[in-house]
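Novice: My questions will all concern the structure given below.
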Amino acid sequence: NLFRNVTKITFKNNKITLKDSDKEILQSFVNLTELYLNENMITVLYNNSFCNLTKLVILDISNNHISTVHKAAFAELNQLSVLNLSYNTITQLGSDVFTSLKSLTVLSLQCNFLKTFHIKSSFKLIKIVLAGNPWTCSCDLLDLQIWLTASNVTMENEDNTTCTFPNNKEKFSIRTAAIQSADCKTEKASLENTVTSTSAIKLKSIALLTALTPNNITGNNGTHAELPLLGKSWTFLAGVLGFVLSTTLLIFTAIKCPTWYRYLISYSHRRLEENDSEMFEQEVSADVNSSPTVSGTNNEDPIVIFEKIHAFVPGEDGFIEDKYIDSYVTEGS
């Protein structure tokens, strides 16, 4: 009951985020007519952020960090007359955001990041503040310019409500900047043609995919339905690609085959040499290990080393000399 009697409240600089817990508290002030939430930590205005506050007349949510405003953020605020959204970080606003505000007369969007603002011709205001935004004076701003000119609204601080882009319109008021409606119609028609062409391409793609689905490939009686035949250009393209790939593979193989063959041969020789050396080491170690050890042999006994003499030695004249014969002849003489 205490909350019901409150008509004006200020929650300035209270770190309010306006999420579910905050909204539940605000809903208790059903007779509230003035609400000041400036200098808080609000970042998003969700749908139905101020429901049950049907008697609210003044709403100040300036100097927050609001970047997004949902379409139904101000639903049920039928009595709202003054709305202050200045000094936030709003980049865009939908044309339907303020539709439900039938009693709105003053709107402040000062010092945000708005480049364009689509507004309906039926929107009625007495005063609007748009200064301090980086307005782009192009076709997207034409609706706002027409509305400002046709309505009796007062644009506060108009001298500072200027274009920032393009450069040739810089410092011009957004109300008087030269935006040619004929150029916008041409641009709009070109955009519509592009969208239509894109839609037609998508429809053709969907139709082709539908024709290739299993239900269309096989009929109800189990017979295969006729599939759309591919054009000859696709067949020719596939043949050219196959020929190019096969030719490239053949040339690559012809270039690399000799190198691969030499590598294989050298690898085989290298393996044989390694095996020979290993076999030689094994034979030598086997001979040493298998030599008999004579027990009782004195280390000072003389060791006789027999030198192996080849029985047949080729002479200089090409005949084979037998050393055994030479030694026998020498002994006989």
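Novice: Near S49, within a Cβ-to-Cβ distance under 15 Å, what is the net charge of the other residues, with Lys and Arg +1 and Asp and Glu -1?
Specialist: In short, -2.
Novice: Related question: Separation of the stretch 69-84 and the stretch 133-178 by C-alpha centroid, Å?
Specialist: 25
Novice: Tell me which chymotrypsin sites (Phe, Trp or Tyr not before Pro) from the stretch 1-84 have a DSSP coil assignment and no more than 15 other beta carbons within 10 Å of their own.
Specialist: Y46
Novice: Along its principal axes, what span do the Cα atoms of the stretch 1-145 show, with the longest given first and each in whole Å?
Specialist: 53, 29, 22
Novice: Run the dipole for the stretch 133-173 about the Cα centre, Lys and Arg Cβ at +1, Asp and Glu Cβ at -1, nothing else charged, and hand back the magnitude in debye, nearest 20.
Specialist: About 120 debye.
Novice: In addition: Give the peptides 61-71, 253-263, 164-174 in descending order of average Cβ contacts within 10 Å, highest first.
Specialist: Result, highest mean first: 61-71, 164-174, 253-263.
Novice: If you don't mind, another one. Shape call for the stretch 1-62 from the C-alpha gyration tensor, a ≥ b ≥ c root eigenvalues: rounded (a/c under 1.5), prolate (a/b greater than b/c) or oblate?
Specialist: The shape class here is prolate.
Novice: Okay, next question. Taking a threshold of 25 Å on the Cα-Cα distance, which of the pairs K55/K115; K12/K120; K12/K171; K71/K115; K8/K102; K12/K102 fall above it?
Specialist: Those over the limit are K55/K115; K12/K120; K12/K171; K12/K102.
Quick note: the coordinates plus some simple rules give every number you see, no bench work behind them. What you see is a predicted model; the values in this text were computed from it and never measured. Positions of Cβ are generated from backbone atoms using ideal geometry, with glycine treated the same way; all protein chains shown enter the neighbour counts.
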